[in-house]
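Notes follow the structure.
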Amino acid sequence: MATLGGNGFKRRSITSDTWQMLEIAHREGIETVWDRLAKQEPQCGYCNLGTSCRICAMGPCRVDPFGDGPQKGVCGADADIIVARNLLRMIAAGASSHSDHGRDILETLHRVGEGKTDVYKITEPGKLRRLAAEYGVETDGKSDQQIAAALAWEMMEDYGMRRKKLPLAGRAPKARQEIWERTGTFPRGIDRENVEALHRTHMGVDNDWVNLLLHGARTGLSDGWGGSMIATELSDVLFGVPTPKTSSMNLGVLKADEVNIILHGHNPMLSEVIVAAAQDPEMIKLAEEKGAQGINLAGLCCTGNEVLMRKGIPMAGNHLMQELAIVTGAVEAMIVDYQCIMPAVTETAKCYHTKVISTFDKAKFPGAEHISFDPARGREIGVQIVRLAVENYTNRVPDRVFIPVEPEPVMVGFSVEAILGALGGTPDPLVNAIKEGKIRGAVGVVGCNNPKIRQDLGHVELTKRLIENDILVVVTGCAAVANGKAGLMVPEAAEKAGGGLGAVCKALGIPPVLHMGSCVDNTRILVLAAALANHLGVDISALPLAGAAPEWYSEKAVAIGCYVVASGIYTVLGIAPPVFGSPNVVKLLTQGLQDVFGATFAVEPDPERAAALIRRHIERKRAALGLPALDPEKIAMPQAELLPV
Ligand code: BF8
Ligand code: SF4
């Protein structure tokens, strides 16, 4: 890519570690995600519009809604049906990914309950008992272990078909639950909604695009108020409720003189045992014998977020950094579990001494060494993996080691419990600050990186505009890492906030951008929104809240967007989903859902304009609640500019 040398790399990202590593990758002829995107261009127009279909062998088909080409697939499906089916399948894939992750954690809780593992234990008995009470599990006179077994058994039902309603959805305000009842979207069973989504999208089943999309909402809700929420709640029970702590972010967290182990993926089960094994004196001694000063763990993606917010393990980067982390030449092992791990990492690793170690039997990677993770033997496997990494230190080529930047400090770990704790135990101070207008509202900025958007630009510019205008920002996933790298997740960033939000943050000693965890932890945002709504006696859709996924790429993000909107929160996407081939579907998602769920989607790639859309929305909600509000029309909408990609 001759044209992309020098400053060309700056068009790909706003972060210096990315630029520097891209320069090296380019020099060494190592292909990255950006190069592969360039080779794919122009990408298929039908697929971008969502009007291609390969669901059955009469196809593949594509319809041409805006031209003279075919208007129907071989079976007769038109653009509306094809777009709606494709979208529902995306939602189901995303919801299944989160929910299957939740299932893995649930099975671990069950093992703990049955006494079949000595690796994991109940770290938060209080939270275990609160959850047990929600599920009607008897706790009086019962041990933690007995409660864990009984709660796990009950939660396993959430995945099945005996329930009419998912119990955790009972956390939503009554008004919200009534909307779900009325529209037939109350999630029943996690697996059930996902299997039904696949059934409905088989050729010749559900051919009503509205009906398909309503099931999309129900499938998304089974993730948000089901599978993901189980993943979050049980991870807290087993590994601890996150509390505020300081750490650091970007590739500068790697250490030139230590064994570097990267934890990449989503499931904290394995990373917990790796963290323990890396502290094992025998392993540290072995590292010293190999000439290293110690063992350094660093996170990537959402496994990184899990260990960051519970244990303060530093974060090497977000989604687009996975190949570039290896290009530092300083990574002895990249340990992967599942989700968002590009198959490309094993190719990049071949150019270095880095070992990629896959660990889940459901997620194998050609070119990786596979060590099958068994929770019953977690400790032993943790030590085995760390030993492999330590022994690999001697294969490092010191001349190729380049760690590009100094780490950026961050404050993380704002679980709902921690936020309410910082506020003195009740939502009152936050509610009062919102009522007075010191804080105008709150926005969840979440989701991925996508090489179609200059890395981190969407997250960081949107967040800056929001906090400047006294809107509290909560972040998860790769959006959190973007903001952390940009220096917005330290208490000193209160200076970059407006006077109202800034003063609140200074009084509490917290950043204006609160890190709430990994992507399954978006459910923490739901729980917080429900708590605020219940506190005020209103529905979630009445609150001055919004969501944004400025750089999303994954099916999981589609599922998240879907449950956020179906929970009553307006959501702005920075990347267009593949729906624009059906004007009917677009109209429903961007307007019609207002009458169904009291919230809609918007698509706006320009973060300045996205911020204006969100500010207008928040002021409208404030006015409707009778709170002091700005005239939304006076919030200027910047001219659209084409973003450099
Ligand atoms: O679950 S934000 S790129 S790492 S999908 Fe993936 Fe997106 Fe990152 Fe986490 Ni979430
Ligand atoms: Fe074509 Fe219909 Fe089969 Fe899709 S389901 S591939 S539109 S025939």
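The values are calculated or read from the model by the stated rules, or taken from the named source; none is laboratory data. None of these values were measured; they are calculated from a predicted model. Ideal geometry is used to build each Cβ from the backbone, glycine not excepted, and the neighbour counts take in all protein chains shown. Areas reflect the complete protein model, heavy atoms only, side chains present, ligands, DNA and RNA absent. Shrake-Rupley method; radii C 1.70, N 1.55, O 1.52, S 1.80 Å.
Given the conditions (1) surrounded by fewer than 21 Cβ atoms within 10 Å (Cβ to Cβ); (2) out of contact with any Ser or Thr (no Cβ under 6 Å at 6 or more places or on another chain); (3) in contact (Cβ under 8 Å) with a residue 40 or more places away in the chain, report the number of the one that R89 does not fulfil.
For R89, the exception is condition (2).
For A316, state whether it is assigned to a strand (DSSP E or B), touching a Gly at 6+ places or on another chain (Cβ under 9 Å), touching a residue at least 40 places away in the same chain (Cβ under 8 Å) and within 13 Å of ligand 1 (Cβ to nearest atom).
For A316, the condition - assigned to a strand (DSSP E or B), touching a Gly at 6+ places or on another chain (Cβ under 9 Å), touching a residue at least 40 places away in the same chain (Cβ under 8 Å) and within 13 Å of ligand 1 (Cβ to nearest atom) - is met.
Can you report the number of residues in the stretch 61-87 which are over 32 Å from the mean Cα position of the chain (by Cα) and within 12 Å of ligand 2 (Cβ to nearest atom)?
Final tally of qualifying residues: 11.
What number of residues within the stretch 15-66 satisfy the criterion of being open to solvent by 60 Å² or more (accessible area, probe 1.4 Å), among the hydrophobic types (A, V, I, L, M, F, W, C) and in a loop (DSSP other than H, G, I, E, B)?
Here the count works out to 4.
In the stretch 514-535, how many residues are in contact (Cβ under 8 Å) with a residue 60 or more places away in the chain and under 19 Å from the mean Cα position of the chain (by Cα)?
15
With the condition kept exactly as written, say whether any residue in the stretch 451-468 is under 23 Å from R310 (Cβ atoms) and polar (S, T, N, Q).
no
Of the residues K142, K127, K165, K174, only one is more than 26 Å from the chain's Cα centre (by Cα) and surrounded by 15 or more Cβ atoms within 10 Å (Cβ to Cβ); which?
After ruling out the rest, the residue left standing is K142.
When only residues in the stretch 333-378 that are part of a loop (DSSP other than H, G, I, E, B) and among the hydroxyl-bearing types (S, T, Y) count, which is most open to solvent (accessible area, probe 1.4 Å)?
Looking at residues that are part of a loop (DSSP other than H, G, I, E, B) and among the hydroxyl-bearing types (S, T, Y), I get S372.
Does the stretch 629-641 include one or more residues that are under 28 Å from V210 (Cα atoms), open to solvent by 40 Å² or more (accessible area, probe 1.4 Å), in a helix (DSSP H, G or I) and not basic (K, R)?
Checking the stretch 629-641: not a single residue is under 28 Å from V210 (Cα atoms), open to solvent by 40 Å² or more (accessible area, probe 1.4 Å), in a helix (DSSP H, G or I) and not basic (K, R).
Kindly provide the set of residues from the stretch 491-509 that are open to solvent by less than 20 Å² (accessible area, probe 1.4 Å) and either in contact (Cβ under 8 Å) with a residue 40 or more places away in the chain or under 19 Å from I179 (Cβ atoms) (or both), ordered by number.
Those that are open to solvent by less than 20 Å² (accessible area, probe 1.4 Å) and either in contact (Cβ under 8 Å) with a residue 40 or more places away in the chain or under 19 Å from I179 (Cβ atoms) (or both): G500, L501.
Scan (1) of a type outside the set (S, T, Y); (2) more than 18 Å from C562 (Cα to Cα); (3) more than 16 Å from ligand 1 (Cβ to nearest atom) for the single condition N86 breaks and write down its number.
Against the list (1) of a type outside the set (S, T, Y); (2) more than 18 Å from C562 (Cα to Cα); (3) more than 16 Å from ligand 1 (Cβ to nearest atom), N86 comes up short only on (2).
Out of all the residues in the stretch 278-332, which are open to solvent by 10 Å² or more (accessible area, probe 1.4 Å), at positive phi and in contact with a Phe, Trp or Tyr (Cβ under 9 Å, 6 or more places away or on another chain)?
Within the stretch 278-332, just G291 meets the criteria.
Show the residue pairs that are 6+ apart or on different chains and have beta-carbon atoms under 8 Å apart, the first residue being within the stretch 536-559 and within 13 Å of G444 (Cα to Cα), the second being within 16 Å of ligand 2 (Cβ to nearest atom) and open to solvent by 20 Å² or more (accessible area, probe 1.4 Å).
none
Going through E41, E28 one at a time, which residue ends up being at pLDDT 95 or above and farther than 30 Å from I82 by Cβ?
E28
Go through the residues of the stretch 558-567 one by one and say whether even a single one is farther than 24 Å from S97 by Cβ and of a type outside the set (V, I, T).
For the stretch 558-567, residues farther than 24 Å from S97 by Cβ and of a type outside the set (V, I, T): absent.
On the given criteria, is N194 within 24 Å of the chain's Cα centre (by Cα), modelled with pLDDT of 95 or more, of a type in the set (S, T, N, Q) and in a helix (DSSP H, G or I)?
yes
Just checking, does the stretch 383-393 include any residue being in a loop (DSSP other than H, G, I, E, B) and either open to solvent by less than 80 Å² (accessible area, probe 1.4 Å) or aliphatic (A, V, I, L, M) (or both)?
no
Mind listing just one residue for me: the one in the stretch 526-554 that is over 27 Å from K452 (Cα atoms) and in contact with a Ser or Thr (Cβ under 9 Å, 6 or more places away or on another chain) and, of those, surrounded by the fewest Cβ atoms within 10 Å (Cβ to Cβ)?
Out of the qualifying residues, it is H535.
Considering (1) within 26 Å of the chain's Cα centre (by Cα); (2) more than 16 Å from ligand 2 (Cβ to nearest atom), say which one R622 fails and leave the rest.
Failing condition for R622: (1).
Test G94 against the stated conditions and say whether it is open to solvent by less than 30 Å² (accessible area, probe 1.4 Å), in contact with a Lys or Arg (Cβ under 6 Å, 6 or more places away or on another chain) and within 16 Å of ligand 1 (Cβ to nearest atom).
So G94 passes the test.
Write out, first by first residue and then by second, each pair whose Cβ atoms fall under 6 Å of each other, whose residues are 6+ apart or on separate chains, and whose first residue, in the stretch 324-335, is among the charged types (D, E, K, R) while the second is surrounded by fewer than 24 Cβ atoms within 10 Å (Cβ to Cβ).
Cβ pairs passing all conditions: E332/N392; E332/Y393.
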